[in-house]
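Report on the following structure.
The values are calculated or read from the model by the stated rules, or taken from the named source; none is laboratory data. Predicted model, so just to flag it, every value in this text is computed and none were measured. With ideal geometry, Cβ positions are generated from the backbone for all residues, glycine too; neighbour counts draw on all protein chains shown.
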Amino acid sequence: MIQLKNLERSYKTAAGQFFVLRRINLDIRQGEFITVMGPSGAGKSSLLNVLALLDDGWQGEYWFRDQAVHDMRRKQRGELAKRNVGMVFQSYHLLDDLTVRENIDLPLSYKDIPHKQRQGMVADTLDRFQIVAKKDLFPSQLSGGQQQLVGVARAVIHKPALLLADEPTGNLHSSQAKEIMELFRDLNQQGTTIVQVTHSDSNAAYGSRTIQLRDGWMVSDTANPELQPYEAIKQ
Amino acid sequence: MNTILTNLRYAFRVLRKSPGFTLVAAVTLALGIASTTAIFSMVDQVLLHSLPYPHSDRIVYVSQTDRPTGEGDATSPANYLDWLAQNRVFSQMAASRGWQGNLGGERPERIRITMASASFFPLFGVRTLLGRSLLPEDESPGHDHVAVISYALWKRRFNADRALLNQDITLNNEKYTIIGVMPPNFAPDNHGELWVPSPWSVPAHPLVPSQDPRQFRSRNYLDVWARLKPGVTLQQARSEMDAIARRLEKQYPDDNRDVAIGVTGMQDSLVSDVRPVLYVLLGAVVFVLLIGCANVANLLLARGKGRSREVSIRAALGASRAGLIWQLLTESVLLALLGGLLGILLAAWGVPVLLTLAPAEIRELGAVGVNTEILVLGLLLSLATGILFGLAPAFHLANENLQESLKEGERGSTGHGGRTRSILVVAEVGLSLILLIGAGLTIKSFVRVLRVDPGFDPTHLLVFSVGLPSSATPAQQDNFYRQVTESFQELPGVQLAGAVSRLPLSGGNSSRSFKVPGNDRGYSADIRVSTPEYFRTMGIPIIRGRFLTAHDIEGSTPVVVVNEALAEGAFPGQDPIGKFLLDFGPGSEKLQIVGVIGNVRHVGLEIAPHYEAYLPFGQAHWPSVFMAVRTRTTDPLALVPAVQNAVWSVDKSVPLSDVRTMHDVVARSLRQRKFTMTLLGIFAGLAVALAAVGLYGVMSYSVVQRTHEIGIRMALGAQQHDVLKMVVQRGMSLAGVGVILGVAASFGLTRLISHLLFGVSPSDPVTFLAVAVLLMSVALFANYIPARRATQVDPMVALRCE
C-alpha cells in the first residue's frame, strides 16, 4: 500500500542541517497494524506527519497505492490525504465550539458529499461508536476517554484506508486506553490499515508489526529481521 | 497620590515597551480628537460664542415676514416707525441699510456702506476706538455728511492714522468728515466698512436718496435691530409684535396684507444658514471619534490576552479588583492624553486648512481656531475617551478567572473578549456606513446641483461691480454704461459686454409687486435693470418677442422683458407679448411686455427660478451695477487691466470691485454645499479607513487565536480555499451585520440632513446600495489579508503542542 524509499526529513538550524528522519525504507501492506516506537525525539511523530501528508519538506520516494506522492503538488497530496487518511491525536483536538455531531461531521464537510448523505453517515457513526446520547454535547462536557472516542469516530467516518494515531491513549487512564485500543483492533480487523505511535508495550501488543526508531533511523522492524541494528548504523 | 504616581509610572513603562501599539492607538485617537476639536472650534466660535456686544443675548433682528410662507423680508421705513412708536418690549430700536459706494482719492475704491439711524451704535453698546459714533444731531439735513469707519478700513486705507479724525473724504463725489473709528470685529450687520447717518433719522432709499423715506410703506429695504427691555422674553416680544402687525395690517391693508413681524435672536439671524451644517458635521466627527475609540478598545482587548497572566499574578498577590481596574484605566487615559495632544496639534494645523473651504458665514464670524477653551475641551475629550475605550478592556481583564489564567497553557482560550471585539467591529462598520451614506447623499446632491442649467453660460465671462454715485441722474447712468460698454467692445479679446443691477448667484435681491389686467390677484417679481447687451453677453436665450434695445429710453413706452416663469405663472396659456404689468412697484407703473427670456437661477442653482422682470437702464434707475464681459480668452482675468482702463477712460473716479469670473461666482454660490460635502467625505473616508483597520485587526487576531483550530481542520482535510472561505465568511458576517444595522439607522438619520440634499431622497436606494457594496468591498479586502495568512498555517506547527 505504501512504500517509502530512502526518505529523509531535515531542518536547517543555526548549527547546520538537523535530520529527524534518515534513509527510511518502509513497506506498509494493506491491512497491517503497525506500531512505531522509540524514545522522545526519535522521529516517530515526524514519520507519522509524512505518512499523513501533512509534511511536504521531505526528500526521497513516497508511493501510495502505486501513485508517486513525491511527484505530486501540494494540492494533489491534500486531495489524496483527504480521501485516504484519518488521524487520531493524543490531545484529541476536538474543536471546542462544535458539538460531538459537528466534530464528527468535520472531515465530511471538506468533501463533496451532499448534506443529507453526510447526516446519514454521521448518524451511522454515532450509532456505531455508541455515542448517540452525546451528539449534542460540547467536548468540554465529555471525559477524556469519551473525547478520544469522538476523535476516533471523526477519524474513521469517511472510511479511510489508512488510520494514523499519534499516542492515542497518552492522555487516558488504563481502562479507557484499553477500550480505545480494542476499537483499533476491531477497525483493523474490518480492513483499515493502522499506524500508531506509542510508548506503551501493551498498546504495541495490539499491532501486528512493530518498528523502532532512534535518532531518525529505523533500527528495527519485526517484519524485517535483517535490518541493521542501531549500533551498526552509528558506526 | 502615591498609588496614582506608581500607576502612572507603570503605565508609562507599559506604553514605552510596546511602541508600535502605542503609536497606532495614539494616531487613531488623534484622528478622532483632531476632527472633533476642529469642528467644535467652529461650532464654538460660530454658534456658542457670544457676539462681541454687551448683553448680546438681548439683541434681536426684527423683520417683516410673509405670514403664509414665513419667509423673511426687509422692512419698510413707515412700518419701522410704527413699530418704534407702538412697542413696549424694546428699550432701543435701530434701522440700517447697506449699499456700495465709491470712496474717492488717488485710488478710487468701491466699499460697503451702511446708512444707519443714530440709535444704531448705542443699541450695540460698543464704544468707538477713536472719536465718536453717530448722534441724533447728525440726522438733520446739512449735518449728515459725517462718517464712522471700521477698524479694517482704517488700517487698510488710512494706515491706522490716528490723526484721521475730522479729516474729509470723498464718498460718491460728496465730502464727508470722519468722526470715529470702530474697534475690530464690530460688524453687526456683516456688511458695513463705513457708516453714515440719514438726514431723516430713517435711512434713505437707495434709488431715491433725496426723498424723505418716512412715508414709504411699500419699499422694503431696512434692516431693523432692537434690544429687549430687561425682563422681557423673546416670546413676549414676538406676541407683542404680532399684535402690532395685525393692527397695521388692518390699518394699511394694501401694503401690509399678510405681513407678519419676525423677531429672531441676533446670533440666530446671523448663523441660521450654517447652524444645521455645523451640527451635521459635529455629529459626523463624534461618529469618527467613537469609531476611533472602538478601534483602540479592540487593540486593548487583543493586548489583554497577553496581559491576563500578569493581571492574575497581581490579583493572586492581593491586588483588589478596583485597584486593577484603576491601574488599567490609568494606562488608557495616558494613552488617550497622548492621542489628545497629537490630535490638538493636528487640529491647530487643520483648522486653517478647513477654513479655506468654509463658507463666508463661518470665516467671517470670528477668530475660529484652537484657543484655550478648545485646548481644554480637547484634553477633557481625551480624558473621556480614555475612560470610554479603557473601561471595557479593564473590566474584562479584572474579571478574568484567576486560576484559569494562571494555568492557561499555550493553547489559550478562544473566546477572550471575542464577543466584545465583534460587537465593537459591528458598531464601527455601522457607524461608518451611516457617515458614508451621508457623504454619498451630499455628493450626489452636489452632482445634481452641478447639472442644473443656470440659465446662462458662465464660460469666458468676466464680471465685476461698478457704480456711479447715487447722485447721478438716470440719463447720466445710462450714458455711462453705454459708453463703458462701447469702450469694452473696442478691446481685443472682448466679444460682448452688458450691465445688470443684480448678477445671478451673487446674493442680494429686490422685488416689486404688480398686477395683470383682468386679475385682482397681486404678484411679486424680482426686478433687474439691464442694458440691452446683457442677455446676449450672459447667453440668456430669448423665447418670444425681443430683448431690450437702445431705443427703450425715457419718454418712450415703458417696457419690460419677463422670464418664462413669470410669463407662464401670470399669463397661463396666453401669449404675454404686448400685454401689461400693472401697478408695478411703488410708482404703480404700467409696463408693456416686449420679450420673454429663459429662466435664470438667480438665488441659487438649487432654488427654482422666481418671477423676474427686466427693465432698461434708459427707463429705470439703479445706483450700482454689475458688468459682465464675454471674452474670447480662456483666462478672462487677464483682461482686467484693459477693462479697468476702459472704465477709467469714461470716468476716472469710478472704481471696479468684486472682479471675478462667472465660473468663480457659480463656485462661490456652491461653497457651503461643497464645504459640507468635502468634510463629510473626509470624515466618512476616515471612518471607513478606521473601520477597515478595526476589522483587519479583529480578523488578524482571530486567525492567531484560531491557528490551532485551523491546523486541526487542515489535518482533517480542509484545503486552503476552505480555510480562506471560513475566515472571510466570519469577517464578512460581522461586516454584514454592521451594514444591516447601519442601513437601518441611516433610514432614520439621513432625514436629519434632508435640508442639505438636492434632487435626491434621504433614503435614495442607489446611494444606499452603492455605499453598502463599497463598504462590503473594503471589508472583504480587510478580511482577505488575515484570511490569506490563515491559509499559510502549517498544520504540523499548529499541532506541535502535542
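Identify, please: which residue in the range A:171-217 is farther than 24 Å from A:LEU126 by Cβ, charged (D, E, K, R) and touching a helix residue (DSSP H, G or I) at 6+ places or on another chain (Cβ under 9 Å) and is, among those, surrounded by the most Cβ atoms within 10 Å (Cβ to Cβ)? Among those that are farther than 24 Å from A:LEU126 by Cβ, charged (D, E, K, R) and touching a helix residue (DSSP H, G or I) at 6+ places or on another chain (Cβ under 9 Å), it is A:ARG214. Cβ-Cβ distances below 6 Å connect the following pairs, each with a first residue in the range B:520-533 that is of a type in the set (Phe, Trp, Tyr), a second residue that is buried (at least 19 other Cβ atoms within 10 Å of the Cβ), and a separation of six or more residues or different chains: B:TYR523/B:PHE514; B:TYR523/B:ALA570. Within the range A:64-77, being over 17 Å from the mean Cα position of the chain (by Cα) and among the hydrophobic types (A, V, I, L, M, F, W, C) holds for A:ALA68, A:VAL69, A:MET72.
Close Cβ contacts (under 6 Å, 6 or more residues apart or on different chains) running from residues in the range A:77-95 that are at positive phi to residues that are crowded, with 19+ Cβ neighbours inside 10 Å and in a helix (DSSP H, G or I) comprise A:TYR92/A:GLN147; A:TYR92/A:GLN148; A:TYR92/A:GLY151; A:HIS93/B:ILE712. On the stretch given as the range A:41-57, residues that are assigned to a helix (DSSP H, G or I) and within 9 Å of chain B (Cβ to nearest Cβ) total 3. Out of A:PRO168, A:PRO160, one residue alone is out of contact with any Pro (no Cβ under 9 Å at 6 or more places or on another chain) and buried (at least 16 other Cβ atoms within 10 Å of the Cβ). It is A:PRO168. Just checking, does the range B:565-576 include any residue being within 27 Å of B:HIS205 (Cα to Cα), in a strand (DSSP E or B) and in contact (Cβ under 8 Å) with a residue 40 or more places away in the chain? Scanning the range B:565-576, I find no residue that is within 27 Å of B:HIS205 (Cα to Cα), in a strand (DSSP E or B) and in contact (Cβ under 8 Å) with a residue 40 or more places away in the chain, so the answer is no.
Restricted to the range B:177-192, and to residues there that are at pLDDT below 90 and surrounded by fewer than 23 Cβ atoms within 10 Å (Cβ to Cβ), the residue that is farthest from B:ARG97 (Cα to Cα) is B:PRO184.
Look at the range B:445-491 and say how many of its residues are of a type outside the set (A, V, I, L, M) and surrounded by fewer than 15 Cβ atoms within 10 Å (Cβ to Cβ).
9
Selection of the range B:169-207 for residues being among the β-branched types (Val, Ile, Thr) and over 24 Å from B:GLY105 (Cβ atoms) yields only B:VAL202.
Scanning the range B:625-656 for residues that are crowded, with 16+ Cβ neighbours inside 10 Å and hydroxyl-bearing (Ser, Thr, Tyr) yields a single hit, B:THR631. When the test is whether a residue is in contact with a helix residue (DSSP H, G or I) (Cβ under 6 Å, 6 or more places away or on another chain), modelled with pLDDT of 85 or more and either assigned to a helix (DSSP H, G or I) or within 14 Å of chain A (Cβ to nearest Cβ) (or both), B:ALA667 does not pass it. Exactly one residue among A:LEU106, A:LEU94, A:LEU80 is surrounded by fewer than 22 Cβ atoms within 10 Å (Cβ to Cβ), within 19 Å of the chain's Cα centre (by Cα), at the interface with another protein chain (Cβ under 10 Å from one of its Cβ atoms) and under 25 Å from A:MET121 (Cβ atoms), and that residue is A:LEU106.
When B:LEU582 is tested against the conditions (1) at pLDDT below 95; (2) outside any strand (DSSP E or B), the lone failure is (2). Applying the criterion of being farther than 20 Å from A:GLN147 by Cβ and in contact with a Gly (Cβ under 9 Å, 6 or more places away or on another chain) to the residues of the range A:109-124, the residue that is surrounded by the fewest Cβ atoms within 10 Å (Cβ to Cβ) is A:LYS111.
In the range B:697-728, of all residues being among the polar types (S, T, N, Q) and within 14 Å of chain A (Cβ to nearest Cβ), the one that is nearest to B:PRO276 (Cα to Cα) corresponds to B:SER702.
The residue list B:GLY694, B:GLY736, B:GLY742, B:GLY731 contains one member that is surrounded by fewer than 23 Cβ atoms within 10 Å (Cβ to Cβ), away from chain A (no Cβ under 14 Å) and not acidic (Asp, Glu), which is B:GLY736. Just one of (1) of a type in the set (Val, Ile, Thr); (2) in a loop (DSSP other than H, G, I, E, B); (3) within 29 Å of B:ASN185 (Cβ to Cβ) fails for B:THR69. It is (3). Entry remark, the range B:269-296: residues being surrounded by fewer than 18 Cβ atoms within 10 Å (Cβ to Cβ) and touching a strand residue (DSSP E or B) at 6+ places or on another chain (Cβ under 8 Å) number 1 in total. Total residues in the range A:109-140 satisfying the condition of being within 14 Å of chain B (Cβ to nearest Cβ), under 23 Å from A:VAL85 (Cα atoms) and in a loop (DSSP other than H, G, I, E, B): the figure is 4. State whether the residues of the range B:18-25 include one that is surrounded by 15 or more Cβ atoms within 10 Å (Cβ to Cβ) and within 30 Å of B:GLU240 (Cα to Cα). Checked against the condition, which is being surrounded by 15 or more Cβ atoms within 10 Å (Cβ to Cβ) and within 30 Å of B:GLU240 (Cα to Cα), the range B:18-25 yields no hits at all. Of the set (1) in a helix (DSSP H, G or I); (2) hydrophobic (A, V, I, L, M, F, W, C); (3) in contact (Cβ under 8 Å) with a residue 24 or more places away in the chain, all apply to B:VAL659 but (1).
Any residue in the range A:150-157 that is over 14 Å from the mean Cα position of the chain (by Cα), part of a helix (DSSP H, G or I), within 13 Å of chain B (Cβ to nearest Cβ) and surrounded by 22 or more Cβ atoms within 10 Å (Cβ to Cβ)? Yes, some residue in the range A:150-157 is over 14 Å from the mean Cα position of the chain (by Cα), part of a helix (DSSP H, G or I), within 13 Å of chain B (Cβ to nearest Cβ) and surrounded by 22 or more Cβ atoms within 10 Å (Cβ to Cβ).
For the range B:44-89, the candidate set comprises residues that are modelled with pLDDT under 85 and of a type in the set (A, V, I, L, M, F, W, C); within that set, the residue that is nearest to B:ASN220 (Cα to Cα) is B:LEU51. The condition of being assigned by TED's automatic domain parsing to the domain that holds B:GLN574, buried (at least 16 other Cβ atoms within 10 Å of the Cβ), among the hydroxyl-bearing types (Ser, Thr, Tyr) and touching a Pro at 6+ places or on another chain (Cβ under 8 Å) holds for B:THR531.
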